[in-house]
Each structure stands twice: as C-alpha cells, then as structure tokens.
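Everything on this sheet refers to the single structure shown next.
Every read-out reported here was derived from the displayed coordinates using simple, explicitly stated rules and does not represent laboratory data. Note that the structure is predicted; figures quoted are calculated from it, not measured. Ideal geometry is used to build each Cβ from the backbone, glycine not excepted, and the neighbour counts take in all protein chains shown.
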Amino acid sequence: MASRASGVIVTLFLLQAWGMVLVIGMFVLSGETLTGTHGLDWAALAGVLGMISLGCLFLALSRNPMGLVTPLTALLGAAIPALVGVASGETLGIVTAVGIVIALVAVVVVSLPARAGRTTGPRADGKQPLDWLLILGAGTGAAGWYLATDRAHDAGLGTATTLLAVRLVSIATIGAAFIWARLRARARGSGSPRITPRLVLVGLIASLADTSGTVSYLAATSIGTLSVTVVLISLHPVFTTLLARVVLHERLTRVRQAGVGLAVLGAALIGLGAVSA
C-alpha cells in the first residue's frame with residue numbers, strides 16, 4: 001500500500017532503515033560475536049538478492065492485485081530451492097513431480113487474459129511483459145535469498161550475525177538507489193520522493209513484520225532444514241490473499257481464483273516433496 005502511495009524506493013528505504021535499527025538491537029542483545037569471515041560472502045549475496053526480490057515484489061504489487069502476485073512469487077521461491085536440491089543429487093519424488101505439474105498449470109491458468117474491460121493482473125497478450133518479469137525477479141530473488149542465507153548458516157554464522165550482515169548490504173544498496181532517485185528528481189526539476197510522518201509509521205510497522213518473519217525463518221533453518229521452512233513459507237499467499245480481499249476488497253475472476261489455488265497447492269507439494277526426498 002505504501003509503494004502505491006509513495007513509490008517503491010522510498011518504501012524500501014524506510015523498511016530497511018527501520019530494519020537496521022531493529023537488527024542492531026537484536027544483535028547487541030543476542031551476545032553473538034563475529035569469530036571469522038566464513039559465511040559473510042553468502043550473507044552479502046543474500047542482502048543483494050533480497051533487495052532485488054523486494055524491489056521487484058513491491059513494484060509488482062503496486063501494479064497488480066496482491067492475490068495474484070504473491071502466489072506466483074511464492075511458487076518460484078519454493079520450486080527453485082527444491083530443483084537445486086535435485087540438481088545436487090536429490091531424487092525427484094512423485095510428490096515434487098506432481099507439484100511441478102500443478103505449478104505449471106497454475107501459471108497457464110493465471111496467465112489467461114481477463115474478459116474485455118476487466119484487467120485484474122498481468123496479461124498474456126504481450127502488453128504487460130514487465131509485470132511478468134517483475135514476478136519472475138521477485139520469485140527467483142527470494143529463492144536465491146533462501147539458498148544464500150542457508151549457506152551462510154552452514155558456514156557457521158549465527159542468526160543475529162547473518163541478519164546483521166544481510167541488512168548492512170541491503171541498506172547500502174537501497175540507500176544508494178534512494179540518493180540516486182533524489183538527485184535524478186532534482187536534476188529534472190521535479191519533486192523529490194517525500195517521506196511523510198505517516199509513511200515513517202507505516203515503514204516501522206512493515207519493518208517489524210518483516211524483521212520478525214526473517215528472524216523466525218533464520219532461526220528455523222538453524223534448527224531444521226531449508227526444505228521444511230520453505231514448505232511453510234510457500235503457504236503465505238493464503239494469508240496475503242485473504243488480507244487483500246478483506247482490507248483492499250480485491251477481486252479476481254473465478255478462473256484466476258482457481259489459478260491462485262493451484263499455485264499455492266503446487267508450491268506446497270514441491271516443498272513437501274523436497275522434505276520427503
């Protein structure tokens with residue numbers, strides 16, 4: 001909602017700025033210490049991939065219904081880590097195979113053009129290819145973030161240390177983009193991106209949700225497996241779709257509702273297949 005009102009760069013900057021404050025506090029309270037540089041490269045990569053994913057996701061959400069964007073993003077986020085596991089030697093089980101087939105069907109169903117006069121999301125007629133590229137970037141970036149943070153943990157970084165390293169890179173990346181946007185606006189003589197008190201508050205609320213979710217994810221991967229965690233994460237579009245329906249009163253055609261349901265089901269089966277492999 002903030003992205004639609006004030007732009008993606010401003011929203012991401014506030015999200016990461018508040019997140020940096022929260023993470024520093026968490027790092028101090030955790031008592032963790034940095035005993036070496038092992039894993040920092042993976043954490044830095046996760047920071048870059050995370051910003052790419054969030055940037056694409058927020059921009060896609062500002063242009064399309066939440067209930068359409070988030071299932072496809074989660075689908076890619078669940079599928080790619082599972083496929084990476086298969087490429088690393090894991091066996092592709094029947095559950096994962098069924099999940100992939102359902103996922104492909106979901107993409108086709110969601111891609112079907114809306115009826116005339118009703119544009120509810122990205123269309124398959126070639127007029128909005130950017131929307132599909134944004135969804136692809138958000139999903140693949142999220143998958144890369146999952147894999148990179150998992151590697152950082154495997155290298156020995158603690159939860160708070162990993163998150164601090166990720167946030168440092170993230171705030172540097174979006175901070176540079178924010179400064180560039182302000183300088184560009186000033187050179188053009190147009191208004192610079194504004195940061196209002198209301199937007200600051202929204203950024204804090206979003207950052208609390210984002211940081212708590214990230215901490216929970218990192219803690220889960222430190223005591224369990226990446227596949228198990230991705231299974232649960234892949235189900236988040238159910239809640240996002242419900243919130244979008246209740247709060248924003250978003251409506252999707254029945255065909256696309258079926259596509260959304262198939263996307264969620266496919267993501268869950270892919271993750272479950274990775275767990276049982």
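For the reader, a short list of remarks on this structure follows.
- FRET E, pair Arg4, Arg188, Förster distance 22 Å, beta-carbon r, rounded to 0.05: 0.50
- For Arg63 and Thr196, the difference between the fully extended length at 0.36 nm per residue and the C-alpha to C-alpha distance is 45.7 nm.
- Given their separation in residues at 0.36 nm each and the Cα-Cα distance between them, Ile205 and Ser88 gain 38.2 nm when the chain is fully extended.
- Once the mean of 1/r is taken over each pair of separate Cα atoms and inverted, region 1-48 shows a Kirkwood hydrodynamic radius of 13.0 Å.
- Using a simple spin-label model with pseudo-atoms 7 Å out from Cα toward Cβ, Thr33 and Gln257 lie 5.9 nm apart.
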